[in-house]
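Read the figures in this text as sums done on the coordinates, not as results from a lab. Given the structure is predicted, the values throughout are model-derived calculations rather than measurements. Glycine gets a Cβ as well: all are built from the backbone with ideal geometry, and neighbour counts include every protein chain shown.
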Amino acid sequence: MKTMTMSDPITLFQQGCEKAFDEEHWQKINYSTGCFESSFAKGKVNYRNLDLEKQRAYTLRNKSLLGLEKLLVDFETHFVENGGKVLWARNADDALTMIFDLIRKEKANAITRSNSMVLDEIELNGFLERKNIRVVETEIGRFILHEGKQKPYHPLAPSIHLSKEENNAILTGSFKLKPDSTVKQMVNFVRHEVAVESKDVPICITGANFLLSDVGGVVLTENEGNILKSTSSARVHIVVAGIAKVIPTLDDLAVLLPLLSLHSHGQSMAACSSITFGPATTGQGPEQVYVILLDNNRSELLSHEKQRKVMSCIHCGACVSVCPVYKNIGGYSYGSKHIGPMGVVMTPLMAGMEEYSHLNAACALCGKCVDICPVKIPLDDLIIENRHLATTEKQGNARFDALMKTMVWHCKSRKKMDGPIFFKKLEMKRLLGPLWGNSRPLPEFASKSFSHQWRERNL
């Protein structure tokens, strides 16, 4: 059996799962995700046939994956024609090296960045801070988390786990803000601080919602307007995007953008949506625009015939918001930048089944993620496929496998099932105990087996 350390993903997962017994945590997460579900219910009435629109999105995204190589080449061709530059990164280290080279070229000591899962995936903040490059978070929730030295808890609502008082405490500790500030006062204060800290910062780094193959465009959506403001004032705009972000045509946004907005925040359309085609030719805007196309094991994921469907995700975060497992254990328990049902499928295949096979069990197979997914990804089926793959490759949890074998060994014989209670308790404690956690007692065996009780009652 593999020796585990405190840094092992499975150990961190087991420790993180203790959050399920934190009543205050449960109330905060369920309140916030409940607000999303309420907004989604109100927003979906704008669709006469939402399922039909989701089917269109499913067809569109799967068509994109099938023709991915050509779409990427076409995007590069058109984007370069527009005056931009495209760089190809095999992994996170390549992407970080490219970003740092561009920062050194501009002799910059600070950058602004957007809320982006792909930037978290390559661990941009930690890398730049080690290089003494100041990172300015432009999204309000992320700005507060950065000051509190915390990581995002949700793809689109990064500070979902913090109460108003906790947000206030972080800002009070870092700035001269009144301890009893209202939400409006905190929002206005953060906006002012972002404006001050991002002034004259020459480089802005963002992710991308979509890449348009036919016109060489980069689509960015947001609600606060900070991305548009930061990219307009920066000399250099660096976009980091996964290779699966590309879609065939500009017209496809008519289907995808409203679905993304609805499933992200329950809106008909995001407050700010923009398309960057390259460097600014007139007025305000960046003088240089770079797009870094990131693989980082996405090609490996795409090689799996069934699980490759997960790459059609548009990263709306809806599956996370409705997931009962996430609502109980929170975002940090996954030990990955990809959390919730999407992370359960993607992480073992991208980061290694050996290290992350335990995430296959972080799903109740309730199907809520499948019902709400705007591109109809069969997440429950893909998680089952991951479980099958882990079993086939013998990459499952060794302790859990030993427990299952022990149960099978007992269940094959009535004599073994009726064996001494002491040995059953010992095996339960040894094999199940470490997986069961510390916040609930282990199941108790009856003093007498069922067959023993049956014989006594029918004598």
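Overview of results
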{"read-out": "Rh by Kirkwood over Cα pairs, then Stokes-Einstein D for the stretch 19-148 at 0.890 mPa s and 25 °C, µm²/s", "value": "128"}
{"read-out": "Net charge contributed by nearby residues that have their C-beta within less than 11 Å of Phe189 (K/R +1, D/E -1)", "value": "+3"}
{"read-out": "Spin-label proximity, Lys105 to the stretch 277-312 - amide N less than 19 Å from point 7 Å beyond Cα toward beta carbon", "value": "277-281, 285-295"}
{"read-out": "Rg to Rh quotient for the stretch 398-457, alpha carbon positions, Kirkwood Rh", "value": "1.01"}
{"read-out": "Integer Hz, Karplus 6.51/-1.76/1.60 couplings in order for the stretch 441-452, x for Gly and Pro", "value": "x, 5, x, 9, 7, 5, 5, 10, 5, 4, 5, 5"}
{"read-out": "Derived scalar couplings ³J(HN,Hα) [the stretch 331-336; Karplus, 6.51 cos²θ - 1.76 cosθ + 1.60; whole Hz; x for Gly, Pro]", "value": "x, 6, 5, 5, x, 8"}
{"read-out": "Efficiency of FRET between Ser413 and Asn438 - r from beta-carbon atoms, R0 41 angstrom, step 0.05", "value": "0.80"}
{"read-out": "Which listed pairs, of Lys149/Lys327; Lys131/Lys229; Lys184/Lys229; Lys105/Lys309, have C-alpha distances above 30 Å, in listed order", "value": "Lys105/Lys309"}
{"read-out": "Per-peptide average of other Cβ atoms within 10 Å, ordering 219-226, 421-428, 448-455 highest first", "value": "219-226, 421-428, 448-455"}
{"read-out": "Isolated Cys residues of the chain, judged by Cβ distance under 4.7 Å to other cysteines", "value": "Cys17, Cys35, Cys204, Cys272, Cys313, Cys316, Cys323, Cys363, Cys366, Cys373, Cys411"}
{"read-out": "Using alpha-carbon coordinates, inclination of helix 398-411 to the longest axis of the chain, degrees", "value": "30"}
{"read-out": "Whole-Hz ³J(HN,Hα) from phi, Karplus 6.51 cos²θ - 1.76 cosθ + 1.60, for the stretch 427-437, glycine and proline x", "value": "5, 4, 5, 6, 9, 8, x, x, 8, 7, x"}
{"read-out": "Label assignment, percent of Cα pairs over 29 Å apart derived from the structure, set (1) 45; (2) 53; (3) 59", "value": "(2)"}
{"read-out": "Computed E for Val187/Glu24 - FRET, C-beta separation, R0 30 angstrom, nearest 0.05", "value": "0.80"}
{"read-out": "Computed P(r) (all Cα pairs; the stretch 321-386; 5 Å bins; percent)", "value": "3, 20, 32, 26, 16, 3, 0"}
{"read-out": "Rounded tilt (10° steps) of 379-392 against the dominant C-alpha axis of the chain", "value": "60"}
{"read-out": "For Arg134, distant residues with modelled amide H under 5 Å away", "value": "Ala110, Ile111"}
{"read-out": "Modelled FRET efficiency - R0 60 Å, Asn91 with Arg457, Cβ distances, 0.05 increments", "value": "0.40"}
{"read-out": "Gain in span if fully extended, Leu228 to Lys149, counting 0.36 nm per residue against the direct Cα distance", "value": "25.9 nm"}
{"read-out": "Length gained when the stretch Glu166-Ala271 is fully extended (0.36 nm per residue, less Cα-Cα span)", "value": "35.1 nm"}
{"read-out": "Local net charge near Glu444, Cβ-Cβ under 11 Å (Lys/Arg +1, Asp/Glu -1)", "value": "+2"}
{"read-out": "When each of Lys337/Lys394; Lys164/Lys245; Lys19/Lys199 is checked by Cα-Cα distance, pairs over 29 Å", "value": "Lys164/Lys245; Lys19/Lys199"}
{"read-out": "Share, in percent, of DSSP beta bridges within the chain that are antiparallel, nearest 5", "value": "25"}
{"read-out": "Restricting the stretch 345-412 to GluC sites (Glu not before Pro) in coil, as DSSP defines it, with at most 16 other Cβ within 10 Å", "value": "Glu393"}
{"read-out": "Pairwise label distance in nanometres, Lys199 with Ile421, each label 7 Å out on the Cα-Cβ vector", "value": "7.5"}
{"read-out": "Reciprocal mean inverse distance between Cα atoms of the stretch 241-375 - Kirkwood radius, Å", "value": "16.9"}
